[in-house]
Amino acid sequence: TQITVYIDGEYELPELERTGYFFLSWFTEASGGEEISDGDTVTDVSITTLYAHWKAKSQYTYQFVYRDVNGEEVSTDDTAWVYEEDAVEEPDGYDGWVGHTFVGWSPENLTPVSNTVYTAAYTTNEYTVAFHANGGQGLMGVQDFVYDIEQALTANAFTYGKTGAWTFGGWATNATAS
């Protein structure tokens, strides 16, 4: 890139980008030299070449791993490379784990500072069951459940018609179940 500057004028230098490197500054020599910055005044009447100085970023590998409740690997994304201070591209959570909700990645920081494996984090779903009398009388509270934890349903506390005229047949997920 070539720019024109005038004696006693100020430099307006471009900032450059280069994959895998930090741009440090402009210098009068390819190695070493005097640093030239925006706002410096031009005092030399000759044509001057300025050199961009760079610092290589570190490269790290990262991989996203999905595990089940037992810690068994159920899916893995391919290992990829990322440069220092660059965030990794986060994949969608593994939605094939019934009864669980994807909540993020561990570790949470998606800008690796070393070779990193990100593990999917999940919470176990919780459910609430409401009991309806389906024509009967009385009240029953709700019952909370956690997925994959076996728990008996609350005993029936509803009444229906005359005592002894009806027998409770069990719980159903709809009013017409027999």
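The values are calculated or read from the model by the stated rules, or taken from the named source; none is laboratory data. The model shown is predicted, which means the values in this text are computed figures rather than measured ones. Positions of Cβ are backbone-derived with ideal geometry, glycine not excepted, and every protein chain shown enters the neighbour counts. SASA here: full protein model, heavy atoms, side chains in, ligands and nucleic acids out. Shrake-Rupley method; radii C 1.70, N 1.55, O 1.52, S 1.80 Å.
Backbone amide hydrogens, once placed in the peptide plane, bring N125 within less than 5 Å of H100, T101, Y147, excluding anything fewer than 5 places away on its chain. Taken about its Cα centre, the chain carries a charge dipole of about 1620 debye when Lys and Arg each add +1 at the Cβ and Asp and Glu each add -1 at the Cβ. Here's the picture: a label point sits 7 Å out from the Cα of T101 along the beta-carbon direction, and within the range 121-160 the residues with their amide nitrogen under 19 Å of it are 121-130, 143-149. Highest mobility in the GNM of the chain, judged by mean-square fluctuation with C-alpha springs under 10 Å and restricted to H132, H53, H100, is found for H132. Using a probe radius of 1.4 angstrom, the carbon and sulfur fraction of the accessible surface of the chain is 47%.
The stretch between N174 and A152, if pulled fully straight at 0.36 nm per residue, gains 6.1 nm over its current Cα-Cα span.
Scanning the chain for GluC sites (Glu not before Pro) that sit in a DSSP loop and have at most 11 other Cβ atoms within 10 Å, the longest stretch containing none of them is 109-149.
Remark: the chain projects, on average over all directions, an area of 19.5 nm² (convex hull of Cα atoms). In the chain, taking the dipole from charged Cβ atoms about the Cα centre, the farthest positive-side position among G170, Q143, T128 is held by G170.
Between the amide H of Y11 and those of G39, D40, V42, distances stay under 5 Å, these residues lying 5 or more places away or on another chain, with hydrogens modeled in the peptide plane.
For a label point 7 angstrom out from the Cα of I7 toward its Cβ, which stretches of the range 25-46 have the backbone nitrogen within less than 13 Å? Residues passing the 13 Å test: 42-46. For chymotrypsin sites (Phe, Trp or Tyr not before Pro), the sites in the range 101-154 that DSSP calls loop and that have at most 15 other Cβ atoms within 10 Å are Y147. Here the contact order of the range 122-168, divided by its residue count and restricted to Cα pairs under 8 Å and six or more residues apart, works out to 36 percent.
With θ taken as phi - 60° and the Karplus curve 6.51 cos²θ - 1.76 cosθ + 1.60 applied, the whole-hertz 3J(HN,Hα) list for the range 52-57 is 6, 9, 10, 10, 5, 7 Hz, x standing for glycine and proline. Give the residues of the range 113-135 whose amide nitrogen is closer than 15 Å to a point set 7 Å from the Cα of D77 in the direction of its Cβ. Only 116-121 fall inside the zone, counting backbone N under 15 Å. For Y21, the solvent-accessible surface computed with a 1.4 Å probe is close to 80 Å², ligands and nucleic acids excluded. Considering only G20, I7, G32, whose Cα is most displaced toward the positive end of the charge dipole of the chain, charges sitting on Cβ of Lys, Arg (+1) and Asp, Glu (-1)? Going by the Cα projections, it comes out as G20.
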